[in-house]
Structure formats: structure tokens, C-alpha cells
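The values are calculated or read from the model by the stated rules, or taken from the named source; none is laboratory data. Quick caveat: nothing in here was measured; it's all calculated off a predicted structure. Note: ideal-geometry Cβ built from the backbone for every residue, glycine included; neighbour counts use all protein chains shown.
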Amino acid sequence: MADEVHYHDYLQLDKILGAQLPESDKHNLPAHDEMLFIIIHQTYELWFKQLHYETDSVIDIMQKPLLNDNSPELQTVVHRLKRVTTILQVLVHQVEIMETMTPMDFLDFRDMLRPASGFQSWQFKELEAKLGLKFENRHGKEYYTSQLREEQVKIIKEAESKKSLLDLVNSWLERIPFFNEERDFWNTYRHQYELSLAREEQNNLALFDEMFMNERSADVVRSLSSSACRAALFITLYRGYPLLQLPFQLLNTLLEIDVQLSSWRYRHMNMVHRMIGSRIGTGGSSGKDYLSAAAAKHYIFKEIAQLNSFLIERKRLPALSIEMEKRLGFATS
């Protein structure tokens, strides 16, 4: 008979509950709030591990050569990405617990932590790379791994060398056949879009052509191709059709991931400003200024978000043929 599983042993509680070793105790200068500080950051790292676990599973599914757009596999992708957004919401709310510590409470042990810093969280940087944050789009890319250990830098660089979730979403969208090659449809849509623009928005027409009509441009670095953008826009416009509801949920969930990542960065930035003002971080970064610049720049799925600039009213939408409606799940007699 196999040994019975015990809660304490299953969760390795001896290791977990014995993993809090405050620096203030080592210096015989007890600081009550350091225990909270340690547990909060350990919890963050555990959640980061779960985010990696979910993201890796989604990438494994998305990189299959054939992925049915209305299949249990795609449902699994959406389900797990929604779990990612929920975990990210928890990360944002955990800041509220940290904020129960006052700046003076933090000063009781802050100097003992140098040069340790959240900037050294390699798991978070690796997660950003897996989701699709490109090296060239990073704020402070010249030193973003400067405080990491060699083996941690290697892990991040390996993640950057592989196809990210954003890359795989681009490939998935390019495979979707809906009107990607129907120039008549997109010319009609472009005309309706032009009619919907206010006088001050006329420059949007050139942006429309750049994003949806020009497959290649040497002057523009993009994450999504024009054909992928057309598919994404079509999904967004006609998401009421049964076959497009699941793909739309996927796109919308990616946007929510960016929203939650941004919320976490800004809450973190504001907390740092509240705690240390304009002083530098314990790891030597510029503190609030660095976090603010990174928060403004590190949007991963921004091209999907830009689609909303090119929507038109429902009454202006080009009518779909009966054949297309049948393909999308609305049978018409």
C-alpha cells in the first residue's frame, strides 16, 4: 500500500515556512515589517512561476501546425489565458497589502537589502519575453539584465530567441481565411471607414493603409503582419457570428493581459514613489522614473489594441454573403 499523502508533506511546508530569513534579525535589529516584505515578494515569485506554467502550455498549443479556430484546444487557450489575467489581478491587489507598510517601517530595514532589488526578478523578465516583449522595445535594454546572474541572463535570452505568444498569435491570424485576400471587401470597408472620419481624423486613412493594406514596409517595425491585422479586425467587427466568438475572446483576453500588466506596473510605481520618493532603488535603478518609463513602453499587444482606431458603426459594415454567413455559423435558408 502506497504511503498516505499528508497535507503538510504534499505542500513542502517545512521548506516554505522556513524560507523567511529577515536581514534585520541577522543584524540583531528586528524590523517587524520585513517579514511582510519577504512573504509578499516570495508570493509574487510563486505566482510568476504559475504564469510561466500557463503561458508555456498555451504556447505549446498555439505552435501546432494546425489549430482549429473553433476547437476544444482553442477553448483551452482562452481558458488558460483568462486564468493569467486573474492571477495578474491578484498581483495588483497584493500591492494593497504592501501599502500597509509605512515609509518609516520600510526604512527600518531598507539599507540592509542592498543591492537586492525587484529589478533582479528574472522570472518576470522571462515572462515578458515569452509573451512577446521584444528586446528592442524594452526600456533600458542596455542594462535590464545587468544585475542578474549569468545563468538567469541565459534563461531570458533563450526565451527571447524562441517564438513568443505574440509571434504565434500572428501566425494563427495569418492562417484564418476570412477575407484576407478579398480586396473588394477591404476596399469597400476602407471607403466606409473614410466616410466615418471627422475632419481632424483624416490622417487615420494613411495609418489604415499602412496597417491593413501594405504587407511590407521597410520603415515600420511591426509585430503583426497586414494579413494578420485584417483577420483580427474582421474577427472584431463580426464577433457576433458563432465561429468568431472564441477567436474574439482570445484577442480580448490578450488585451486584458496588457491592461493588468500595465496596472501592476503603475501600482508598483506609485507604491515606490510613496515609499522612497525620488531616491534611487536598492538595486541602483532610478526608482519611480524607471518604473514609469517602463510602464509607458512595455505594452506587448499594442497592435491589437490599435484595431479600435479603425472600427466603424455597425450600420456601415459591409454585408456578408449568405455563403459567408453559413461558414461563420448562421445558416440562412
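Before moving on, here are some points about what is shown:
- Every condition in (1) under 27 Å from SER263 (Cβ atoms); (2) within 22 Å of the chain's Cα centre (by Cα) is met by ASP69 except one, and the failing one is (1).
- When LYS125 is tested against (1) more than 15 Å from the chain's Cα centre (by Cα); (2) free of Cβ contacts under 8 Å to residues at least 60 places away in the same chain; (3) under 16 Å from HIS41 (Cα atoms), exactly one condition is not met: (1).
- Any hit, region 129-147, residues being under 16 Å from HIS298 (Cα atoms), at pLDDT 95 or above and touching a Gly at 6+ places or on another chain (Cβ under 7 Å): no
- Residue among SER292, SER263 that alone is under 22 Å from LEU166 (Cβ atoms) and at pLDDT below 95: SER263
- Test result for SER117, free of Cβ contacts under 8 Å to residues at least 24 places away in the same chain and under 27 Å from ARG149 (Cα atoms): no
- Unmet requirement for TYR299, which otherwise passes all of (1) aromatic (Phe, Trp, Tyr); (2) in a helix (DSSP H, G or I); (3) modelled with pLDDT of 85 or more: (2)
- When ASP209 is tested against the conditions (1) within 23 Å of PHE301 (Cβ to Cβ); (2) outside any loop (DSSP other than H, G, I, E, B); (3) modelled with pLDDT under 90, the lone failure is (3).
- Filter pass, LEU168 being part of a loop (DSSP other than H, G, I, E, B) and either hydrophobic (A, V, I, L, M, F, W, C) or in contact (Cβ under 8 Å) with a residue 24 or more places away in the chain (or both): no
- Taking region 1-45 as the range and being acidic (Asp, Glu), surrounded by 14 or more Cβ atoms within 10 Å (Cβ to Cβ) and not in a helix (DSSP H, G or I) as the test, only ASP33 passes.
- Considering residues of region 150-160 that are farther than 15 Å from SER223 by Cα and in contact with a Phe, Trp or Tyr (Cβ under 7 Å, 6 or more places away or on another chain) only, the residue surrounded by the most Cβ atoms within 10 Å (Cβ to Cβ): ILE156
- Filtered residues of region 114-149 (kept if hydrophobic (A, V, I, L, M, F, W, C) and surrounded by fewer than 17 Cβ atoms within 10 Å (Cβ to Cβ)): ALA116, PHE135
- Scanning region 227-281 for residues that are among the small types (Gly, Ala, Ser) and either touching a Ser or Thr at 6+ places or on another chain (Cβ under 6 Å) or crowded, with 19+ Cβ neighbours inside 10 Å (or both) turns up ALA228, ALA231, ALA232, GLY281.
- Any hit, region 117-127, residues being farther than 19 Å from ASP258 by Cβ, touching a helix residue (DSSP H, G or I) at 6+ places or on another chain (Cβ under 9 Å) and modelled with pLDDT of 90 or more: yes
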